[in-house]
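Student: Attaching a single structure in structure tokens format; questions to follow.
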């Protein structure tokens, strides 16, 4: 036998072996595919339970995340409110001193240096958002004024208007820090 014929026999034998060895593997693959397609009711039930648990965990996670965001926003808002409250309380303590300064400035003997300090104080208050409520001659507004008393007036134009300011009111960033204490005109 020649070398070529021996090689051909070996090749044929190997090919036959390959074909026979693949046949059982192919049958096994076909069987597993059929088994995978036909899940048992137990497996389907378990898959449903697993997917339900996954959905529940996702829901819990999203709720927890939303709760944490709400917590962050709430604490930030509370902190700002606390700072504003502290600032308001401090400013309320300073306002009587500002009133004294204003009364002293109306006196004839008001030294020039003190006048400069008074002006600087007024500018500083304006910079931080404190503005006086202008009330003399204005219509009485219960959101800005506190009526201490009523004064009978002869002129009907002054009825319901602020006739005199006893204590100046102040706004802090547009909100009432202290109501103006006023005397309101009333028809006779």
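None of the figures in this text is laboratory data; all of them are computed from the coordinates on show. None of these values were measured; they are calculated from a predicted model. FYI the Cβ positions are ideal-geometry reconstructions off the backbone, even for glycines, and counts take in every protein chain you see.
Student: Determine the gain in length on full extension of the stretch residue 166-residue 65; use 0.36 nm per residue of separation and subtract their C-alpha separation, reporting nm with one decimal. Kindly include the intermediate steps, with their values, before the conclusion.
Tutor: Details: separation 101, 0.36 × 101 = 36.36 nm, distance 5.43 nm.
That pair, residue 166 and residue 65, stretches by 30.9 nm at full extension.
Student: Using a Förster radius of 35 Å, what is the FRET efficiency between residue 87 and residue 109 based on their Cβ-Cβ separation? Nearest 0.05, please.
Tutor: Values: r = 34 Å, r/R0 = 0.98.
The calculated FRET efficiency here is 0.50.
Student: Assuming a ≥ b ≥ c are the square roots of the Cα gyration tensor eigenvalues, decide whether segment 132-188 counts as rounded (a/c under 1.5), prolate (otherwise, with a/b larger than b/c) or oblate. Each step should come with its number before you reach the end.
Tutor: Working: a/c = 2.82, a/b = 2.35, b/c = 1.20.
The shape class here is prolate.
Student: Would you please put 182-188, 100-106 in order of how densely packed they are, using the mean number of other Cβ atoms within 10 angstrom per residue and starting with the highest?
Tutor: 182-188, 100-106
Student: Determine the shape class of segment 84-188: with a ≥ b ≥ c the square roots of the Cα gyration tensor eigenvalues, call it rounded for a/c under 1.5, and otherwise prolate if a/b is greater than b/c, oblate otherwise.
Tutor: Numbers: a/c = 2.75, a/b = 1.49, b/c = 1.85.
Here segment 84-188 falls in the oblate category.
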